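Heads up, the thing below is written out as structure tokens.
The values are calculated or read from the model by the stated rules, or taken from the named source; none is laboratory data. Because the structure is predicted, anything quoted here is derived from the model rather than measured. Here the Cβ is made from the backbone with ideal geometry for all residues, glycine too, and neighbour counts use every protein chain on show. Please note that ligands, DNA and RNA were not included when accessible areas were found on the heavy atoms of the full protein model with its side chains. Shrake-Rupley method; radii C 1.70, N 1.55, O 1.52, S 1.80 Å.
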Amino acid sequence: MARKKKPAPHAYSPHIRAVVLERLAAGEFLKHFGREPGMPDMSSVNSWMRADPAFAAEVAQARVRGEYRRRFMLDEAKAAALLARLRAGERIGDILRDPAMPSQKTYRYWRMNYGAFAEQVHQVNLGKAEMKAERARARFRPYDAAIGERIYVRLWKGEKLRAILRSDKAFPSLAVLARWRRENPAFERMLQVAIGGWRRKRPKGRHLLTPELQDRIVEGLARGGSLRSLSLEPGMPCQRTLYAWCRTRPEFAATVATVCEDREDWYLAQAVKVAARGGRGARKAVAKLNAQRVRLRKRPGWKGRGAGHQN
């Protein structure tokens, strides 16, 4: 059986050399366009490169440019899919995390070098910004004199402001109320009269530090509470009063400091128990207990002192 002859290598030509370099720089693969009629195959180009080091260097540079172009060249299908998802309301970060979509770097390159694509993205973002502004305008609550009167009356009766705002969905949030007070000086004066009147009427000795009250505070701290959380319980002094007692009553402050140290030990023991028990979610539970333990280190007197000298 006659042995099949290997085809002769393609003749070296400056024109063919320029075409090969141009198509490699455009991002095409030699193994693909080398099969076309009139184009050299890989073996021919490799032999040219061995015979001409300068041509080999030019091929290497063209391949680098082609790789860059393949990575950042605008893909019409991907660009259309990206724009469709943007118009549907998805965030660009979520879209670009999809492996089927371009990377962050490619997306930036497209926007910088492809004007039509950048203009479409701008139009989509502009529409989304307008929709967001429209939603914000829809949520905007102008001052309502009737609601303001209801708040004023309940404040005058002695109710706390935060409790009033939480009691009815018709009432504004604390931020909206603050804006109403800034925008309406007359409403601000009404609230100041009501709040100031109750401050003057409130007896100074309304909350006395009795042994029974101190026992309640110690018990609440021992079971994992804080002065702030205790101040929210019925019959307890406000947070400002509790912290004032810690500043002005050394014995009470020393008691609170001791209980707080025991509270940290309690949280640490609970974390050890959960870790020893193991099971699903144990790591998250331990992290939560440790975070709470660290947070509760910020007890009265912690500022300006070292970790080993906290009260």
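Numerical summary
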read-out: Considering residues of region 228-255 that are in contact with a Gly (Cβ under 9 Å, 6 or more places away or on another chain) and either in contact (Cβ under 8 Å) with a residue 60 or more places away in the chain or in a helix (DSSP H, G or I) (or both) only, the residue farthest from Lys160 (Cα to Cα); value: Ala253
read-out: Qualifying residue in region 111-118 (condition: at positive phi, under 37 Å from the mean Cα position of the chain (by Cα) and part of a loop (DSSP other than H, G, I, E, B)); value: no
read-out: Residue count, region 127-177 (criterion: farther than 30 Å from Gly235 by Cβ and not in a helix (DSSP H, G or I)); value: 5
read-out: Pairs where the first residue, in region 21-38, is closer than 16 Å to Arg70 by Cα and the second is among the hydroxyl-bearing types (Ser, Thr, Tyr), C-beta under 9 Å, 6+ apart; value: Gly27/Tyr68
read-out: Arg63 open to solvent by 90 Å² or more (accessible area, probe 1.4 Å) and of a type in the set (Lys, Arg); value: yes
read-out: Boolean, Arg182 is open to solvent by 60 Å² or more (accessible area, probe 1.4 Å), without any contact (Cβ under 8 Å) to a residue 60 or more places away in the chain and in contact with an Asp or Glu (Cβ under 8 Å, 6 or more places away or on another chain); value: yes
read-out: Yes/no for Arg85 being part of a helix (DSSP H, G or I), open to solvent by 60 Å² or more (accessible area, probe 1.4 Å) and out of contact with any Phe, Trp or Tyr (no Cβ under 7 Å at 6 or more places or on another chain); value: no
read-out: Only one of Arg150, Arg216 that is at pLDDT 90 or above and over 30 Å from Ala84 (Cα atoms); value: Arg150
read-out: Count - residues of region 18-37 that are surrounded by 11 or more Cβ atoms within 10 Å (Cβ to Cβ) and among the basic types (Lys, Arg); value: 1
read-out: First in region 122-136 and within 13 Å of Ala84 (Cα to Cα), second anywhere and open to solvent by less than 80 Å² (accessible area, probe 1.4 Å) and in a helix (DSSP H, G or I), Cβ under 6 Å, 6 or more apart; value: Val124/Leu86
read-out: Test: residue in region 116-123 that is among the β-branched types (Val, Ile, Thr), farther than 30 Å from Trp180 by Cβ and open to solvent by 60 Å² or more (accessible area, probe 1.4 Å); value: no
read-out: Lys169 being closer than 30 Å to Ala26 by Cα, free of Cβ contacts under 8 Å to residues at least 60 places away in the same chain and not hydroxyl-bearing (Ser, Thr, Tyr); value: no
read-out: Test: residue in region 38-46 that is open to solvent by less than 20 Å² (accessible area, probe 1.4 Å), assigned to a helix (DSSP H, G or I) and either over 30 Å from Gly115 (Cβ atoms) or among the charged types (D, E, K, R) (or both); value: yes
read-out: Selection count, region 258-289, where residues are over 14 Å from Ala222 (Cα atoms), open to solvent by 50 Å² or more (accessible area, probe 1.4 Å) and not small (Gly, Ala, Ser); value: 7
